[in-house]
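One structure is given below, encoded as structure tokens.
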Amino acid sequence: MRLIKKILLVLLLLFVIAQFFGPEKNKGDLSSIEPFLTETNPPEDVKLILKETCYDCHSDYTRYPWYNNITPVNYWLAAHVKDGKKHFNVSNWEGNSVKRKDHKFEELIEMVEEKEMPLKSYTWTHSEAKLTDAQIESVINWAKQVRLKYSLVPKPE
């Protein structure tokens, strides 16, 4: 029993010390999203959906919940944000080719249609991010219009 108490004490001490360390936060500027919004021109309802469900993981600006101050949760969240930005980052939209932008919208449509986005682990703690069928339809319709626009852009030869 004495050994278990010592192990628990050491674990508690390590947990407390770990709270003084954490990953770098994704605290960019919301203005980095403006080129994406200007180019893709989402209607107001879709802008709100993007803000509530996408930007935390797919832009350079994340609104962190209170539990992000707890290690190791903050590392888990940081990994999710890093992975989300790797796949689709609206903050560096200008640097992408038309072909890549079109492909990203193709993926967006697929992920939203299949209800793979937003992630269930995100909607557990962000109930406002759960998309209704009408919201899904709005996002998909907007994304299809954006893809149509990209298909009309002359391709370099």
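The values are calculated or read from the model by the stated rules, or taken from the named source; none is laboratory data. All of these numbers come straight from a predicted model, not from anything done at the bench. All Cβ positions, glycine included, derive from the backbone under ideal geometry; neighbour counts span all protein chains shown.
Here region 118-157 is the region considered, the condition is being modelled with pLDDT of 90 or more and assigned to a loop (DSSP other than H, G, I, E, B), and the residue that is surrounded by the fewest Cβ atoms within 10 Å (Cβ to Cβ) is THR132. Restrict the check to region 68-82 and report whether at least one residue is modelled with pLDDT under 80, closer than 18 Å to SER127 by Cα and in a helix (DSSP H, G or I). So far as region 68-82 goes, yes, one or more of its residues are modelled with pLDDT under 80, closer than 18 Å to SER127 by Cα and in a helix (DSSP H, G or I). Scanning region 121-155 for residues being acidic (Asp, Glu) and either within 17 Å of the chain's Cα centre (by Cα) or under 29 Å from TRP76 (Cα atoms) (or both) gives a total of 1. Pairing each residue of region 77-105 that is without any contact (Cβ under 8 Å) to a residue 60 or more places away in the chain and closer than 19 Å to ALA143 by Cα with any residue that is among the small types (Gly, Ala, Ser) and loosely packed, with under 12 Cβ neighbours inside 10 Å, provided the two are 6+ apart or on different chains, yields C-beta distances under 8 Å for ASP102/SER151.
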